[in-house]
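Input: a single structure, listed below in structure tokens.
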Amino acid sequence: MKILEGRAAKFPQFTELIIHEDDDLIVINKPPFLASLDEREGPETSVLRLAKKYHPDAQVCHRLDKETSGLLLIAKNPETYRLVSIEFERRRVAKTYHAVIEGTHVFEDLLVDLPILNLGNKNVTIDRANGKRAETYFKSLHYFKHYTLVECRPVTGRMHQIRIHLATQHAAIVGDSLYKGKPAYLSQIKKRGFTLGKGQEEQPIMRRFALHARELRFTLAGEEFHFEAPYPKDFATLLRQLEKFDD
């Protein structure tokens, strides 16, 4: 596997991220720590830059948080970008995310509809008076002893929507320090036989928050599309360790 180096991370070649491509659309499984668009801080690699090197007219149709992995749509021409943008604006793209949250939470299509106010500088808050409409459905998929795997279906697309809506339910995403989520450590779930070498410091199972854009469904020019992105290595490792030691 060829590797592209960003300023702080290494990523697979763009072609290795592609899970679907046709004349109009590219769909990738975005790795964590790769920004969707160019950031103000500097010349760090982004999906947009990689996509434009692959196809000069490429435009990223929506965003994922830098740490979030999963499905991202890229238009290969202005007309497709316009059509996809309309589908997102009219809430006709069905988005499904998976998250690992702290504690046992029984969500059976729970609707959280708390308005979100964007404060700027990547900060948001719940504000019933001034916030914009935000709706997310949550469904518990698997219960571990100390964690829960949750399906998240955002209807709207506000910044940090899933993360802050889960936090309002006292169900912060594992590793999401911005919303008081704590990292998961193997020593917490593997009580017996866990040892560290002399002078070693234990690292969390995941070095980011546990959120993955799992599925997208939408219709474009009369054609139905359904994509599903497998978990990246770190998310899959977390689930595997939980299944082994916390089930």
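The values are calculated or read from the model by the stated rules, or taken from the named source; none is laboratory data. This one's a predicted model, so the numbers in the text were calculated from it and none came from an experiment. Positions of Cβ are backbone-derived with ideal geometry, glycine not excepted, and every protein chain shown enters the neighbour counts.
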_Evaluation of Leu25 against (1) of a type outside the set (Val, Ile, Thr); (2) without any contact (Cβ under 8 Å) to a residue 60 or more places away in the chain; (3) over 27 Å from Gly175 (Cβ atoms) (one fails), failing number_ = (2)
*Just need a number here: residues in the range 193-217 that are buried (at least 18 other Cβ atoms within 10 Å of the Cβ) and either β-branched (Val, Ile, Thr) or over 29 Å from Lys180 (Cα atoms) (or both).*
1
_So in the range 152-177, with the set limited to residues that are surrounded by 19 or more Cβ atoms within 10 Å (Cβ to Cβ) and without any contact (Cβ under 8 Å) to a residue 40 or more places away in the chain, which one is farthest from the chain's Cα centre (by Cα)?_
Ala167
*Determine whether Arg82 is surrounded by fewer than 17 Cβ atoms within 10 Å (Cβ to Cβ) and in contact with a Phe, Trp or Tyr (Cβ under 8 Å, 6 or more places away or on another chain).*
no
*If a residue has to be surrounded by 13 or more Cβ atoms within 10 Å (Cβ to Cβ) and either within 23 Å of the chain's Cα centre (by Cα) or under 16 Å from Val27 (Cβ atoms) (or both) to count, how many in the range 231-247 make the cut?*
9
*Go through Leu71, Leu111 for me and flag whichever is modelled with pLDDT of 95 or more and surrounded by 18 or more Cβ atoms within 10 Å (Cβ to Cβ).*
Leu71
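Okay, residues lined up against (1) surrounded by fewer than 20 Cβ atoms within 10 Å (Cβ to Cβ); (2) among the hydrophobic types (A, V, I, L, M, F, W, C); (3) modelled with pLDDT of 95 or more:
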site: Leu17; (1), (2), (3): no, yes, yes
site: Gly42; (1), (2), (3): yes, no, no
site: His55; (1), (2), (3): yes, no, yes
site: His98; (1), (2), (3): no, no, yes
site: Ile101; (1), (2), (3): no, yes, yes
site: His105; (1), (2), (3): yes, no, yes
*Based on what the data block shows, is Ile189 over 22 Å from the mean Cα position of the chain (by Cα) and either assigned by TED's automatic domain parsing to the domain that holds Asp127 or among the aliphatic types (A, V, I, L, M) (or both)?*
yes
*Would you pick out the residues in the range 83-114 that are among the basic types (Lys, Arg), touching a strand residue (DSSP E or B) at 6+ places or on another chain (Cβ under 9 Å) and farther than 26 Å from Arg208 by Cα?*
Arg92
*In the range 115-133, the residues that are in contact with a strand residue (DSSP E or B) (Cβ under 9 Å, 6 or more places away or on another chain) and in a strand (DSSP E or B)*: Ile116, Leu117, Asn118, Leu119, Val124, Thr125, Ile126, Lys132
*Is it the case that the range 122-138 has a residue that's touching a residue at least 40 places away in the same chain (Cβ under 8 Å), surrounded by 18 or more Cβ atoms within 10 Å (Cβ to Cβ) and either closer than 20 Å to Leu238 by Cβ or out of contact with any Ser or Thr (no Cβ under 8 Å at 6 or more places or on another chain) (or both)?*
yes
*Which condition breaks for Ser187 when tested against (1) surrounded by 14 or more Cβ atoms within 10 Å (Cβ to Cβ); (2) at pLDDT below 95; (3) among the small types (Gly, Ala, Ser)?*
(1)
*Given the conditions (1) over 23 Å from Ala229 (Cβ atoms); (2) surrounded by 13 or more Cβ atoms within 10 Å (Cβ to Cβ); (3) of a type in the set (A, V, I, L, M); (4) at pLDDT 95 or above, which single one is not true for Leu149?*
(1)
_Hey, Pro115 free of Cβ contacts under 8 Å to residues at least 24 places away in the same chain, within 26 Å of Gly181 (Cβ to Cβ) and not hydroxyl-bearing (Ser, Thr, Tyr) or not_ = yes
*asked:* Between a residue in the range 38-67 that is farther than 19 Å from Phe88 by Cα and of a type in the set (Val, Ile, Thr) and any residue that is modelled with pLDDT under 90 and outside any strand (DSSP E or B), which pairs come within a Cβ distance under 7 Å, given they are 6 or more apart or on different chains?
replied: Thr45/Gly6
